[in-house]
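**Student:** To start, I am sharing the structure in question, which I have written as structure tokens.
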Amino acid sequence: QVPSSKNQNKKLSKGQSMPPSNTFSTRPSSKDTWNDIQNDYGVKKQTFAKRINFVTDRHKRKIIFRDIEDGYVLSKKGFYKPAVILAGGVIEELLRLYLISQNVKPKNNNFDEYIKTCEQEKLLKSGISRLSDSVRYFRNLVHLSKEETQRYSISKASANNAVSSLFIIANDL
């Protein structure tokens, strides 16, 4: 039962209130989310799954799909910072696993080095590696110490860009 607007701010316990009714309390179905992703980005779940066939561990694939779905939903619901964090995390893991599948070892195990190694090995087109770098930059902005002013907060456009970058980058792997 959805709380009435009168009860929306009813105290649950000291210092806590009920969330507004426009937030979600249950996760949308995977099928519904991928239908929305297909409508917004033209990407089918099956097509994406084939693109990342280098991810052979079933558990990692499941986590990647979950995080893509959650990042997409969070972005749509206005939770931009967590959407960027999830999208960046998925891109970082996809690049890491792609390098492993290509038997390429980066100097260091971090997002920045994965991008540099992909560039050096010509595993990504130049524009795509720049896109990865852009997502890494935005993901790094989410650290509280970087949010010194409103200017450094994560916008809707940044979140949408991070989520769409997932599909653009995966298409190039």
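**Student:** Considering only residues of segment 51-66 that are open to solvent by 30 Å² or more (accessible area, probe 1.4 Å) and in a helix (DSSP H, G or I), which is nearest to Ala162 (Cα to Cα)?
**Tutor:** Result: Arg66.
**Student:** Looking at segment 48-63 only, could you name the residues that are touching a helix residue (DSSP H, G or I) at 6+ places or on another chain (Cβ under 9 Å) and more than 11 Å from Leu94 (Cα to Cα)?
**Tutor:** Across segment 48-63, the qualifying residues are Phe48, Ala49, Thr56, Asp57, Ile63.
**Student:** Scan segment 74-129 for residues that are under 18 Å from Phe54 (Cα atoms) and among the hydroxyl-bearing types (Ser, Thr, Tyr) and report the count.
**Tutor:** 4
**Student:** Of the numbered conditions (1) open to solvent by less than 50 Å² (accessible area, probe 1.4 Å); (2) under 25 Å from Thr56 (Cα atoms); (3) at pLDDT 85 or above; (4) part of a helix (DSSP H, G or I), Ile100 satisfies every one except a single condition; which is it?
**Tutor:** (1) is the only condition that Ile100 fails.
**Student:** Moving on to the next point. State all residues of segment 67-85 that are surrounded by fewer than 15 Cβ atoms within 10 Å (Cβ to Cβ) and small (Gly, Ala, Ser); if no residue qualifies, say none.
**Tutor:** First, the residues of segment 67-85 that are surrounded by fewer than 15 Cβ atoms within 10 Å (Cβ to Cβ): 77-78.
Gly78, the sole residue that qualifies.
**Student:** Take Ile91 and tell me if it is surrounded by 15 or more Cβ atoms within 10 Å (Cβ to Cβ) and modelled with pLDDT of 85 or more.
**Tutor:** On the way: surrounded by 15 or more Cβ atoms within 10 Å (Cβ to Cβ): yes; modelled with pLDDT of 85 or more: yes.
It is true that Ile91 is surrounded by 15 or more Cβ atoms within 10 Å (Cβ to Cβ) and modelled with pLDDT of 85 or more.
**Student:** If you don't mind, another one. Can you list residue pairs whose Cβ atoms sit under 8 Å apart, with the first residue in segment 85-107 being closer than 15 Å to Ala170 by Cα and the second being modelled with pLDDT of 95 or more and open to solvent by 60 Å² or more (accessible area, probe 1.4 Å)? Count only pairs 6 or more apart in sequence or on different chains.
**Tutor:** Pairs that qualify, where the first residue is closer than 15 Å to Ala170 by Cα and the partner is modelled with pLDDT of 95 or more and open to solvent by 60 Å² or more (accessible area, probe 1.4 Å), are Glu93/Lys60; Leu97/Lys60; Leu99/Lys105.
The values are calculated or read from the model by the stated rules, or taken from the named source; none is laboratory data. Everything numeric here is computed off the predicted structure, so don't read it as measured data. Using ideal geometry, Cβ is built from the backbone for each residue, glycine included, and neighbour counts are taken over all protein chains shown. Note: areas computed on protein heavy atoms with side chains; ligands, DNA, RNA excluded. Shrake-Rupley method; radii C 1.70, N 1.55, O 1.52, S 1.80 Å.
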